[in-house]
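*Asks:* Let me give you the structure first, and then I'll get to my questions.
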Amino acid sequence: MAFSLTLIAAAAIAMPPQQTKTPPLPRPMPLLNLRDGSGKMWNRPAFADKVVLIEFWATWCASCKKMRPTLNELRKTYADRGFETLFVSIDQDKKALDRYLAGKPFDGPVVHATDGRWSEWDVTSVPAMFLVRDGQIVAQWTGETPKAKLDEAILKALAPR
């Protein structure tokens, strides 16, 4: 047993470090030209002078559902300071999305991205969240993220420059 553990440890040490393809932060946000249910266009000009948390999600994603109360609470907490949330659904079936939204109100606009535009954001799993300030991604997370981490990043992004 000890010999096996030694071999595993030696192999782990000998392995090269994992390379990440995610560019460093801050970086310009990729294009996002999508209309929400009210008809508002969400694109780079819509993000000017704002801090926006963009969540890429899907109706079938359990972790996305778990994050919803936290994201709704963050929006309520910081809305008066120029903070907004934007929920980008990557669901393929628009009718299924509409049925889901009918029973699950969101605190914040929801847009539907089926044209692969979400792949430009390097979204490999959901939920994927990006904090954008003035069109620049300043923080990002994948999966269920503790509220304290989100609070910290939002407060930093909202702070005067």
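*Asks:* Find the residue count for the range 76-97, including only residues that are of a type in the set (D, E) and at pLDDT below 90. Show your work before the answer.
*Replies:* Keep residues of the range 76-97 that are of a type in the set (D, E), which gives 80, 84, 91, 93.
After this cut, where a residue has to be at pLDDT below 90 as well, the list is 93.
Total meeting the criteria: 1.
*Asks:* Also, I was wondering about something else. When P105 is evaluated against the numbered criteria (1) exposed (fewer than 15 other Cβ atoms within 10 Å of the Cβ); (2) at pLDDT 85 or above, which criterion, by number, is the only one it fails?
*Replies:* (2)
Listed here are the residues, each with its yes/no results for (1) surrounded by 13 or more Cβ atoms within 10 Å (Cβ to Cβ); (2) of a type outside the set (A, V, I, L, M, F, W, C); (3) modelled with pLDDT of 90 or more; (4) over 25 Å from A148 (Cα atoms).
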residue: T6; (1), (2), (3), (4): no, yes, no, yes
residue: A12; (1), (2), (3), (4): no, no, no, yes
residue: P23; (1), (2), (3), (4): no, yes, no, no
residue: L34; (1), (2), (3), (4): yes, no, no, yes
residue: W57; (1), (2), (3), (4): yes, no, yes, no
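*Asks:* Might you check whether a residue that is in a helix (DSSP H, G or I), within 17 Å of K50 (Cα to Cα) and free of Cβ contacts under 8 Å to residues at least 60 places away in the same chain occurs anywhere in the range 136-153?
*Replies:* From the range 136-153, those in a helix (DSSP H, G or I) are 147-153; that's our starting set.
This time we only want the ones that are within 17 Å of K50 (Cα to Cα), so: 150-153.
Going one step further and asking which of them are free of Cβ contacts under 8 Å to residues at least 60 places away in the same chain, we end up with 152-153.
Yes; the residues of the range 136-153 include at least one that is in a helix (DSSP H, G or I), within 17 Å of K50 (Cα to Cα) and free of Cβ contacts under 8 Å to residues at least 60 places away in the same chain.
*Asks:* Checking G39 against (1) at pLDDT 85 or above; (2) within 21 Å of the chain's Cα centre (by Cα), only one condition comes out false. Which one?
*Replies:* All conditions are met except number (2).
*Asks:* Now a separate question. When S38 is evaluated against the numbered criteria (1) touching a residue at least 24 places away in the same chain (Cβ under 8 Å); (2) part of a strand (DSSP E or B); (3) not acidic (D, E), which criterion, by number, is the only one it fails?
*Replies:* Of the numbered conditions (1) touching a residue at least 24 places away in the same chain (Cβ under 8 Å); (2) part of a strand (DSSP E or B); (3) not acidic (D, E), the odd one out for S38 is (2).
*Asks:* Still on this structure, please answer the following. Looking only at residues in the range 78-100 that are touching a residue at least 60 places away in the same chain (Cβ under 8 Å) and either touching a strand residue (DSSP E or B) at 6+ places or on another chain (Cβ under 6 Å) or of a type outside the set (K, R) (or both), which one is surrounded by the fewest Cβ atoms within 10 Å (Cβ to Cβ)? Quick ask: steps written out before the conclusion?
*Replies:* Just the residues of the range 78-100 that are touching a residue at least 60 places away in the same chain (Cβ under 8 Å), to begin with: 78, 81-83.
If we keep only those that are either touching a strand residue (DSSP E or B) at 6+ places or on another chain (Cβ under 6 Å) or of a type outside the set (K, R) (or both) too, we end up with 78, 82-83.
Working: Y78: 19, G82: 13, F83: 20.
This residue is G82.
The values are calculated or read from the model by the stated rules, or taken from the named source; none is laboratory data. This one's a predicted model, so the numbers in the text were calculated from it and none came from an experiment. Here the Cβ is made from the backbone with ideal geometry for all residues, glycine too, and neighbour counts use every protein chain on show.
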